[in-house]
Amino acid sequence: MTAHTTALPDTKATNVSIQSVTKRFHRAGKTIQALAETSLDFETGKFVSLIGPSGCGKSTLLKIMAGLEPATTGRVVIDGKVLRGPQDGVSVAFQKPTLLPWRNVMDNLLLPIQISGKRIDSDIQERAKQLLTVMGLEDFSSHYPRELSGGMEQRAAIARSLISRPSLLLMDEPFGALDEFTREDLNDELLSLWAREPKTLVFVTHSISEAVYLSDQIVVMKARPGVVHEVIDVPLARPRHRKIRNSQEFYDLIRTVRISLEEAKSGNNAEQKRKAL
């Protein structure tokens, strides 16, 4: 894939601290503990992936960080301020693109600006054009979602999540529904864009190889009630290119994460397994 070279304005990254957060849901007279007490610090400007079995609270934690779901106990602190709800500088991209079918790509891209009540001036319009170019959609700004492939829809959704220059981007399995080739293309697009416009990025995925390829750190979570099992550093050099997927270091890291996941599910000692391999 040809990398796009359009420059984008610098974006300030942000620091996030999850402090003793728990989450309980009440459904049909029953209480479901989605998250046990969870504490995490996301270093400014880092790319961190959350991985774990279905139902371990990854998406719930992401929604709490976005201010879309309140914590039952504990708090989220962003740049020293306690999060009270959705706030400027925090943007979310979900697994489904959720583009409005009656709006074309450009109008979908500008939707967050309109919702915020801000004026769409020449600077915003120029930024929208730059984002579409970076995502390879410059020739599709007037197309409607039904005229796009799944990968193109996801590119448009990612561009929309970046239009407001967020310092914290939260992504909930944004490539989970795509085929492997398209997924790898978008992995590269995302890394390229993140390098051009640094920000703190928290990424939920079920793919071990995707987490290793993208991340500075991988947070492995245990099944419900979700809690952090292990934080694994990913020392692969940046910038990253596809050829690294064939390296022994890459395979070793995949094995390390897989063992950690097995331990998170079974309670067995991952460190002993690693030493035995």
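Going toward the positive end of the dipole of the chain, with +1 on Lys and Arg Cβ and -1 on Asp and Glu Cβ, which of 202, 154, 178 do you reach last?
So the residue furthest toward the plus end is 202.
Starting at the first residue of the stretch 34-40, write each ³J(HN,Hα) from the Karplus equation 6.51 cos²θ - 1.76 cosθ + 1.60 with θ = phi - 60°, in whole Hz, x for Gly and Pro.
Each residue of the stretch 34-40 in turn: 7, 10, 7, 4, 10, 10, 8 Hz.
So what is the accessible area of the stretch 143-197 per residue, in Å², with the probe set to 1.4 Å? Working shown, then result.
Details: 1890 Å² over 55 residues.
Averaged over the residues of the stretch 143-197, the accessible area is 34 Å².
With only Lys, Arg, Asp and Glu charged, each at its Cβ (+1 for the first two, -1 for the last two), find how big the charge dipole of the stretch 79-120 is about the Cα centre; round to the nearest 20 debye. Numbers along the way, then the final one.
Values: 6 positive and 3 negative charges, 17 e Å.
That gives the stretch 79-120 a dipole magnitude of about 80 debye.
Count the DSSP beta bridges whose two residues both fall in the chain, then state the antiparallel fraction as a percent rounded to the nearest 5.
On the way: 22 of 40 bridges.
Percent antiparallel among DSSP bridges in the chain is about 55.
Which percent of the accessible area of the chain is formed by carbon and sulfur heavy atoms (probe 1.4 angstrom)?
Numbers: 6480 of 13310 Å².
Result for the chain: 49 percent of the exposed heavy-atom area is carbon or sulfur.
Hey, got the dipole for the chain? About the Cα centre, +1 on K and R Cβ, -1 on D and E Cβ, debye to the nearest 20? The partial results should precede the final answer.
Numbers: 37 positive and 33 negative charges, 175 e Å.
Value, rounded to 20: 840 debye.
Do any of 81/265; 63/243; 129/243; 63/222 go past 28 Å between their Cα atoms, and which?
81/265; 63/243; 129/243
With unit charges on the beta carbon (Lys/Arg positive, Asp/Glu negative), name the residue among 104, 29, 124 whose Cα is farthest towards the positive pole of the charge dipole of the chain.
29
Ranked from highest to lowest mean number of other Cβ atoms within 10 Å per residue, what is the order of the peptides 70-81, 126-137, 172-183? Don't jump to the answer; show the numbers that get you there.
Values: 70-81: 14.8, 126-137: 20.0, 172-183: 17.0.
Listed from highest to lowest mean packing, they are 126-137, 172-183, 70-81.
So what is the 222 nm mean residue ellipticity for the chain from helices alone, if each DSSP H run of at least 4 adds -39500 (n - 2.57) and you divide by all residues, rounding to the nearest 500 deg cm²/dmol?
On the way: 8 runs with 97 residues, N = 277.
About -11000 deg cm²/dmol.
How would you classify the chain from its alpha-carbon gyration tensor, with a ≥ b ≥ c the square roots of the eigenvalues: rounded for a/c under 1.5, else prolate if a/b is greater than b/c, otherwise oblate?
Details: a/c = 1.83, a/b = 1.31, b/c = 1.40.
Cα axes put the chain in the oblate bin.
For the chain, what is the relative contact order in percent, using Cα pairs closer than 8 Å and at least 6 residues apart in sequence? Intermediate results must be reported in sequence, preceding the final value.
Working: 513 pairs, mean separation 73.4, N = 277.
Relative contact order of the chain: 26 percent.
The values are calculated or read from the model by the stated rules, or taken from the named source; none is laboratory data. Just so it is clear, the structure is predicted and the values come from calculations on it, not from any experiment. No Cβ is skipped: glycine too gets one built from the backbone with ideal geometry, and neighbour counts run over all protein chains shown. Areas reflect the complete protein model, heavy atoms only, side chains present, ligands, DNA and RNA absent. Shrake-Rupley method; radii C 1.70, N 1.55, O 1.52, S 1.80 Å.
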